Every structure is written in structure tokens, then in C-alpha cells.
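Inspection log for the structure reproduced underneath, given as C-alpha cells.
The values are calculated or read from the model by the stated rules, or taken from the named source; none is laboratory data. The model shown is predicted, which means the values in this text are computed figures rather than measured ones. When we count neighbours, we look across all protein chains shown, and the Cβ atoms used for this are built from the backbone with ideal geometry, even at glycine. Protein only, heavy atoms only, side chains kept; ligands, DNA and RNA dropped before computing areas. Shrake-Rupley method; radii C 1.70, N 1.55, O 1.52, S 1.80 Å.
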Amino acid sequence: MKKAIRNTRTGDDIKAMQADVLAEPVLVKENLLKKKYRGKKAAAPKEKTDTIADEAIINVAILSEDGFEEIELLSPKHALEAAGAHVDVICPHDGKIKGWNKTHWGKDVAVDKTLSEARADHYDAVILPGGVMNPDKLRQNKDAIMFLKHFINCGKPVAAICHGAQTLIETGMLEGKTMTSYPSLQTDLKNAGVNWVDKEVVHYGQFITSRKPADLGAFNKELIYTLLLYEH
């Protein structure tokens, strides 16, 4: 069972990992999280065909509904997968979810597991993409809120970008946290007890938040760097 984030590495280790994460502008070097796994002296794959999921490195859930902002789901997903993580898109319904691309409908994304199929304790972190319609649907779903509460209660990383933080308000567990979001949500977050700030990425405790698609580079890097420090 994986533990909550705790920094047990030396300063040189952290500087080396941070330099690796920041080596490329948006994505990170391939299999970065795989390097972490090997650093723990776990058994190497028996065959070259073994997948990252088979190695049980880092499992990340992206919780979303129809109407998510396309790039805010796909960019973190691709960045994490490039770093060696296994990512599941989770939704209350099965099939596909339809994205929103700025001013019109965008790509469909396959749902890997429904909320009823997904086990929150299987995942090391959860991501909430934005989009106006997506969080408005999720925040009304009791199973989605219970899923998120598991991560908060266990101290696991919880990342939200743009309007994604709106769903977190329904957990009732944000009081005293420092966060950012799309500016139009700041009053709602402040009413939930959040210290709202206007920054491209805010990392407070287990929470990682960003404001908008233009912040995705910083958001992805901070998320991956956090998972590099995540203890198994």
C-alpha cells in the first residue's frame, strides 16, 4: 500500500529529479517515473514487452464527465503516460465522454472505468480537468464526491485545473487550503474557506491547482515532480 507524500530523499536527489522534470518545456523525458521505480530496487521487468501498468509504478485517475475542456484532460494524460505512469479516465457512465474545445465540441475520449468499477484505493493521485459543464455534472454526483474524499482523507495528490476545482468544493474539505482556479470561481472557493491566489500553479499540501490551459506546462511538471516523491 502506498503512503502519503513525504520527502525522504537527499537534497542532491531532489535537485537531480527536478532538473530531469524541467528538462523539456511541456512533456517530460520518457519513463521518468519508471526511473523512480528502478531506484527503489524493485525487480526489473522479465521481458521487454512488459508494460508500465504491469510494473505497478504510479496509477493516476482522471475523473471527468462530458463537457471537459479537451486540452486540460489530454495534456496531463499524455504527459503522465510519457513519464511512465498508468492513467485511467473515470466517469459515472461508460463508453466515451465528449470534450469541449474552446468554443465548440471537441474530441471524444474513451472511458477506462466507470465510477462503480473504479476502486479509489487503487490510484495514487486524481486529476480534475476543467470545462464548464464537466464539473457542474460531477459535483452533483454523490459517488464522484465520495471518490474524491478518499484521496483527500488519505493525503494523496489531488490536482485540478481551471473549473475543475469547483467539484472539490462539494467535499467540504477545502477550508484553510491555498489554491487557484479560473478567476470566476474565486468567490465560490473563498466561501468554501480557501485562500485563493492568482498564480499559474499552486502546490499546497496534497493539492495542486492551476488557472487555465496556458498554465498546463507548469501544472504537468508540478504533478509529475510530486509523483516522483510519492512513496510506495
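In table form, for the structure just shown:
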{"item": "Selected residue (only one of Gly164, Gly131 is part of a helix (DSSP H, G or I) and touching an Asp or Glu at 6+ places or on another chain (Cβ under 9 Å))", "result": "Gly164"}
{"item": "Test result for Tyr230, modelled with pLDDT under 95 and either open to solvent by 50 Å² or more (accessible area, probe 1.4 Å) or in a helix (DSSP H, G or I) (or both)", "result": "no"}
{"item": "Selected residue [out of contact with any Lys or Arg (no Cβ under 7 Å at 6 or more places or on another chain), without any contact (Cβ under 8 Å) to a residue 40 or more places away in the chain and open to solvent by less than 50 Å² (accessible area, probe 1.4 Å)] from Gly164, Gly176", "result": "Gly176"}
{"item": "Test set (1) under 18 Å from His163 (Cβ atoms); (2) out of contact with any Leu (no Cβ under 7 Å at 6 or more places or on another chain); (3) without any contact (Cβ under 8 Å) to a residue 40 or more places away in the chain; (4) open to solvent by less than 40 Å² (accessible area, probe 1.4 Å) - Gly67 fails condition number", "result": "(3)"}
{"item": "Residue match in segment 203-212 (condition: farther than 26 Å from Ile57 by Cβ and at pLDDT 95 or above)", "result": "yes"}
{"item": "Only listed residue being farther than 16 Å from Leu223 by Cβ, in a strand (DSSP E or B) and open to solvent by 70 Å² or more (accessible area, probe 1.4 Å), chosen from Lys107, Lys137", "result": "Lys107"}
{"item": "So Glu69, is it closer than 27 Å to Ala192 by Cα and under 17 Å from the mean Cα position of the chain (by Cα)", "result": "yes"}
{"item": "Count - residues of segment 113-134 that are surrounded by fewer than 18 Cβ atoms within 10 Å (Cβ to Cβ) and not hydrophobic (A, V, I, L, M, F, W, C)", "result": "7"}
{"item": "Residue in segment 147-156 that is farther than 19 Å from Lys177 by Cα and either open to solvent by 70 Å² or more (accessible area, probe 1.4 Å) or out of contact with any strand residue (DSSP E or B) (no Cβ under 8 Å at 6 or more places or on another chain) (or both) present", "result": "no"}
{"item": "Checklist (1) hydrophobic (A, V, I, L, M, F, W, C); (2) touching a helix residue (DSSP H, G or I) at 6+ places or on another chain (Cβ under 8 Å); (3) outside any loop (DSSP other than H, G, I, E, B) applied to Leu174, failing item", "result": "(3)"}
{"item": "Test: residue in segment 197-205 that is assigned to a loop (DSSP other than H, G, I, E, B), under 15 Å from the mean Cα position of the chain (by Cα) and among the hydroxyl-bearing types (Ser, Thr, Tyr)", "result": "no"}
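For (1) at pLDDT below 95; (2) out of contact with any His (no Cβ under 7 Å at 6 or more places or on another chain); (3) over 19 Å from Thr167 (Cβ atoms), each residue gets a yes or a no:
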{"position": "Lys77", "(1), (2), (3)": "no, yes, no"}
{"position": "Val89", "(1), (2), (3)": "no, yes, no"}
{"position": "Gly99", "(1), (2), (3)": "yes, yes, no"}
{"position": "Thr103", "(1), (2), (3)": "yes, yes, yes"}
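Per-residue answers, yes or no, for (1) farther than 26 Å from His122 by Cα; (2) assigned to a helix (DSSP H, G or I); (3) touching a residue at least 24 places away in the same chain (Cβ under 8 Å):
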{"position": "Phe151", "(1), (2), (3)": "no, yes, yes"}
{"position": "Ala159", "(1), (2), (3)": "no, no, yes"}
{"position": "Leu185", "(1), (2), (3)": "yes, yes, no"}
{"position": "Leu189", "(1), (2), (3)": "yes, yes, yes"}
{"position": "Gly193", "(1), (2), (3)": "yes, no, no"}
{"position": "Ile208", "(1), (2), (3)": "no, no, yes"}
{"position": "Leu216", "(1), (2), (3)": "no, yes, yes"}
{"position": "Leu223", "(1), (2), (3)": "no, yes, yes"}
